[in-house]
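Heads up: the structure comes next, in structure tokens.
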Amino acid sequence: MIAPDPDPDAAEIAGRLRAIRARIAAAATAAGRAPESVTLVAVSKTKPAAAVAAALAAGQTVFGENRVQEAAEKFPPLRAAHPDLRLHLIGGLQTNKAREAVRLADVIETLDRPRLADALEAAMERDARRPDLLIEVNTGAEPQKSGIPRADADSFIDVCKSRFGAQLRGLMCVPPHGEDPRPHFTWLAACARAHDLPVLSMGMSADFEIAIACGATWVRVGSAIFGARG
């Protein structure tokens, strides 16, 4: 087992960001796309606020966090200093965390069941705040993972489009570890096209270039920027 990297310093984070941006641009160009058509979501889960601040200093403004509680502790002071910061929640979301998620996030990427849709809609009405939403699809039918099953995706997307309108932006998936991600990415891209949804959040540190070739518009990269997690 490889030991995790220590938290990299600011110069190291800036260098890693430059390298990832260059790889994103090259992958987009190879796919016949404009580099600016792909947004980098820097996944800062388990990393300290200082690491996020270093990425902000290097020009990164879009971040992803798994847990509402960690995001609530880390991001309000950072947002106060950086009003252009955008926070994505990318981990499975409990219904009892829906209101806090709506208050904190600019994007919630893991809408995956009717009860969560109910909770998010109620929270949006209560707090008059409407973050963008993605539907997470469990493309690998993995019981330990969140995400709407493939078989239920079409009907759930239709219902959520009618409920949330323009706030429903697209789809997200996490392919099974160790499998070729291409069939999962291409399926998700086809599903998004069928429902006229513009955003595809797919691809992480190990496979974001493949995801871009398959149509990803957002890629979620963590360890390649901030170092391996403990």
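Bear in mind that the values in this text are calculations on the coordinates, not laboratory data. Bear in mind that the values here come from a model prediction, so they are computed numbers and not experimental data. In this analysis, Cβ positions are derived from the backbone assuming ideal geometry, glycine residues included, and neighbour counts consider all displayed protein chains.
Structural remarks
- Yes/no for ARG169 being among the charged types (D, E, K, R), surrounded by fewer than 23 Cβ atoms within 10 Å (Cβ to Cβ) and closer than 21 Å to GLU36 by Cβ: yes
- Lone qualifier among LEU197, LEU171 - being within 23 Å of ASP118 (Cα to Cα) and touching a Gly at 6+ places or on another chain (Cβ under 7 Å): LEU197
- The residue that is surrounded by the most Cβ atoms within 10 Å (Cβ to Cβ), among those in the range 74-101 that are within 25 Å of ALA117 (Cα to Cα) and charged (D, E, K, R), is LYS97.
- Index of the failed condition, ASP196 passing every other in (1) in contact (Cβ under 8 Å) with a residue 60 or more places away in the chain; (2) surrounded by fewer than 18 Cβ atoms within 10 Å (Cβ to Cβ): (1)
- Scanning the range 199-211 for residues that are in contact (Cβ under 8 Å) with a residue 60 or more places away in the chain and out of contact with any Leu (no Cβ under 9 Å at 6 or more places or on another chain), we see that the one that is surrounded by the fewest Cβ atoms within 10 Å (Cβ to Cβ) is GLU209.
- Selection of the range 39-77 for residues being farther than 17 Å from MET204 by Cα and either touching a strand residue (DSSP E or B) at 6+ places or on another chain (Cβ under 8 Å) or part of a strand (DSSP E or B) (or both) yields VAL52, ALA55, THR61, VAL68, ALA71, LYS74, PHE75.
- Members of the range 120-150 that are over 22 Å from ALA216 (Cα atoms) and surrounded by fewer than 22 Cβ atoms within 10 Å (Cβ to Cβ): GLU121, ALA122, ALA123, MET124, GLU125, ARG126, ASP127, ALA128, ARG129, ARG130, PRO143, GLN144
- Residue check for ARG169: assigned to a strand (DSSP E or B), of a type in the set (Lys, Arg) and within 22 Å of GLY64 (Cα to Cα): yes
- Test: residue in the range 180-201 that is β-branched (Val, Ile, Thr), in contact with a strand residue (DSSP E or B) (Cβ under 7 Å, 6 or more places away or on another chain) and within 17 Å of VAL107 (Cβ to Cβ): yes
- For ALA105, the conditions (1) surrounded by 24 or more Cβ atoms within 10 Å (Cβ to Cβ); (2) within 18 Å of ARG169 (Cα to Cα); (3) out of contact with any Pro (no Cβ under 7 Å at 6 or more places or on another chain) are fulfilled apart from (3).
- Residues satisfying the stated conditions in the range 27-64, i.e. in contact with a helix residue (DSSP H, G or I) (Cβ under 9 Å, 6 or more places away or on another chain), among the small types (Gly, Ala, Ser) and without any contact (Cβ under 8 Å) to a residue 12 or more places away in the chain: ALA34
- Looking at the range 78-165, the helices (runs of 4 or more DSSP H) lying wholly inside it that each contain 3 or more residues that are free of Cβ contacts under 8 Å to residues at least 40 places away in the same chain and in contact with a helix residue (DSSP H, G or I) (Cβ under 7 Å, 6 or more places away or on another chain) sit at 98-104, 114-127.
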